[in-house]
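Trainee: The structure is given below, and queries will be raised subsequently.
The values are calculated or read from the model by the stated rules, or taken from the named source; none is laboratory data. Keep in mind that what you see is a predicted model, and the values were worked out from it rather than measured. Cβ sites come from the backbone with ideal geometry, for glycine too, and all protein chains shown count toward neighbours. We work out accessible area using only protein heavy atoms, side chains counted, and drop any ligands, DNA or RNA first. Shrake-Rupley method; radii C 1.70, N 1.55, O 1.52, S 1.80 Å.
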Amino acid sequence: MSRPTDYDSVAAGYDVRYRTFDYSEIKQALESFLGDVRADAMLEVGCGTGHWLRELVGHAARVVGVDRSAEMIARAKGAGASLIRASAEQLPFSGAAFDRLLCINALHHFSSRPRFFEESHRVLRNGGGLCTIGLDPHAERDAWWVYDYFPPTLEIDRQRFAAVRTIRGELVKAGFSWAESSEAQVFEHVMPAREAFDAGLVSRSFTSQLTVLTDEELADGMARLRDAMESEKKAGRELMLSSELHLFMTTAWLG
């Protein structure tokens, strides 16, 4: 069930997630991966609006961001990095060009993970490392209002996201010396449904889980949400939307 995400159409509202949620644990995980040594060059693939590129600046003499969305690239300007529009499966760099490579909440959008991992291996120097962070819906540890009120999203995610054990195997097959995974962050968040609508969280731009839905599927979910809100209101309560999402970091190294 492959459903591409049109990030050009949602780029304007993409950063609402960073204003709504606390990503401090992911930031700490990245700091641990990057280490204290100032590298020569670092690359983020699927850089989006440049949020994580800003974290890389200062860790390397040269920071580069790649994304296939022109609108995302446009909004990443000012992050302090060089920006290139390109696909993850065909990185426009010579071999052994980078010391570290990041891919944060983007791996599930690539058309071929194995090909991306092969390209990552090619552009990393000996001793270089790759870090990817994302959901693993196969672990069945997540509880999320998006899955509850927009039921097609869970099965779509099981098709889009690989289990972390699969990712590790693909990295080793691509030529990395070893790979390991750990939990990077648990998002625990509760918000009144009314506030979620007002903040723009119930929209395609908030998360790709909603972006990939058909118009009918999106409308059905919104109607389901509004019906639940009305039911709670009649009972003198307010509908609360809860999230408990587990994000996993997988790192792999050369040499």
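Trainee: What is the number of the single condition among (1) touching a Phe, Trp or Tyr at 6+ places or on another chain (Cβ under 7 Å); (2) within 25 Å of T211 (Cβ to Cβ) that M42 does not meet?
Mentor: Status for M42: all satisfied but (2).
Trainee: OK, next. Which ones in region 111-124 are open to solvent by 30 Å² or more (accessible area, probe 1.4 Å) and either modelled with pLDDT of 95 or more or part of a helix (DSSP H, G or I) (or both)?
Mentor: Listed by number, the residues that qualify are S112, R113, P114, R115, E118, H121, R122.
Trainee: Just checking: which of the helices (runs of 4 or more DSSP H) contained wholly in region 190-237 hold 1 or more residues that are surrounded by 15 or more Cβ atoms within 10 Å (Cβ to Cβ), of a type in the set (K, R) and on the phi < 0 side of the Ramachandran plot?
Mentor: Filter on region 190-237 gives 215-234.
Trainee: With respect to G127, determine if the residue is open to solvent by 20 Å² or more (accessible area, probe 1.4 Å), among the small types (G, A, S) and either in contact with a helix residue (DSSP H, G or I) (Cβ under 6 Å, 6 or more places away or on another chain) or assigned to a strand (DSSP E or B) (or both).
Mentor: It is true that G127 is open to solvent by 20 Å² or more (accessible area, probe 1.4 Å), among the small types (G, A, S) and either in contact with a helix residue (DSSP H, G or I) (Cβ under 6 Å, 6 or more places away or on another chain) or assigned to a strand (DSSP E or B) (or both).
Trainee: Taking S94, is it open to solvent by less than 40 Å² (accessible area, probe 1.4 Å) and either under 15 Å from F176 (Cβ atoms) or touching a helix residue (DSSP H, G or I) at 6+ places or on another chain (Cβ under 8 Å) (or both)?
Mentor: Here the answer is no, as S94 does not meet what is asked.
Trainee: Looking at region 43-78, which of the residues that are over 18 Å from the mean Cα position of the chain (by Cα) and of a type outside the set (D, E, K, R) is surrounded by the most Cβ atoms within 10 Å (Cβ to Cβ)?
Mentor: It comes out as V63.
Trainee: May I ask you to say which residue of V146, V172, V164 is closer than 17 Å to A29 by Cα and touching a residue at least 12 places away in the same chain (Cβ under 8 Å)?
Mentor: V164
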